[in-house]
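Everything below concerns the one structure shown next.
The values are calculated or read from the model by the stated rules, or taken from the named source; none is laboratory data. Not measured: the values here are computed from a predicted model. Counting neighbours? That spans all protein chains shown, and the Cβs are built from the backbone with ideal geometry, glycine included.
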Amino acid sequence: MKEAKPTEKHLQAVKRVFRYLKGTINMGLWYSKDTSISLTAYADAYHAGCQDTRRSTSGSAQFLGDKLVSWSSKKQKCTTISSTKAEYIALSGCCAQILWMRLRLTNYGFQFNKIPLYCDNKSAIALSGNNVQHSRAKHIDVRYHFIKEQVENGVLELYFVRTEYQLVDIFAKPLPRERFNFLFEKLSIRSMSPEMLKRLAKETNE
């Protein structure tokens, strides 16, 4: 095992993590009792975001109604040569999670088809909806291509979303504070202080 050799950038990254933890220690997800059971998802990628390996980061989120119930932020296992390929891999990872959730919810009597999956890369959407092996996809591992089958079978429907409305930016890439706080609000992340919990409970019961 190689000896760890942290550099200044690693130290700064650790400090950033601790600042994040300190600033969000009382934050949490709030679920109101009127949450609907409609399944939707978002997927995004930060191409070549890792400064050490140049691998991309996949971010995804799944919602029941407008409430966040599942999310992921994960470095991709291979290096991609374009943002389209990085987004395509992120879509496939999100698709796998959707299928798992769909199966579990089916066991409780819920049926889902044409599940909306939102992405801000039109080329990746076109690649996912094209069941012909495209030259742009020839370098992508075959395991990521199963999303094409789900689109063809009507399980998923892919939609373009403008970057400013891409809710999973927060799971894929570093963001300025204003954008970060905006997405916190959109994801229904709230302060869980005793005072706020009382206020939220009162609003729910009204």
Is one or more of the residues making up the stretch 3-23 more than 20 Å from residue 122 (Cα to Cα), among the basic types (Lys, Arg) and buried (at least 17 other Cβ atoms within 10 Å of the Cβ)?
no
Is it true that residue 28 is surrounded by 10 or more Cβ atoms within 10 Å (Cβ to Cβ), in contact (Cβ under 8 Å) with a residue 60 or more places away in the chain, within 18 Å of residue 183 (Cα to Cα) and not β-branched (Val, Ile, Thr)?
yes
Checked pairs for the stretch 176-201, first farther than 19 Å from residue 16 by Cα and at pLDDT below 85, second aromatic (Phe, Trp, Tyr) and part of a loop (DSSP other than H, G, I, E, B), C-beta under 6 Å and 6 or more apart or across chains, list as 200/30
Which residue out of 35, 84, 53 is at pLDDT below 95, surrounded by 13 or more Cβ atoms within 10 Å (Cβ to Cβ) and part of a loop (DSSP other than H, G, I, E, B)?
35
Quick one: residue 118 ticks every box in (1) in contact (Cβ under 8 Å) with a residue 60 or more places away in the chain; (2) assigned to a helix (DSSP H, G or I) except a single one, so which number is it?
(2)
Complete set of residues in the stretch 19-47 that are closer than 20 Å to residue 97 by Cα and of a type in the set (Phe, Trp, Tyr)
42, 46
Within the stretch 56-81, tally of residues that are buried (at least 18 other Cβ atoms within 10 Å of the Cβ) and part of a loop (DSSP other than H, G, I, E, B)
3
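Results for (1) surrounded by fewer than 14 Cβ atoms within 10 Å (Cβ to Cβ); (2) of a type in the set (A, V, I, L, M); (3) within 18 Å of the chain's Cα centre (by Cα); (4) assigned to a helix (DSSP H, G or I), shown as yes or no for each residue.
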{"site": "144", "(1), (2), (3), (4)": "no, no, yes, yes"}
{"site": "147", "(1), (2), (3), (4)": "no, yes, yes, yes"}
{"site": "154", "(1), (2), (3), (4)": "yes, no, no, no"}
{"site": "167", "(1), (2), (3), (4)": "no, yes, yes, no"}
{"site": "171", "(1), (2), (3), (4)": "no, no, yes, yes"}
{"site": "197", "(1), (2), (3), (4)": "no, yes, no, yes"}
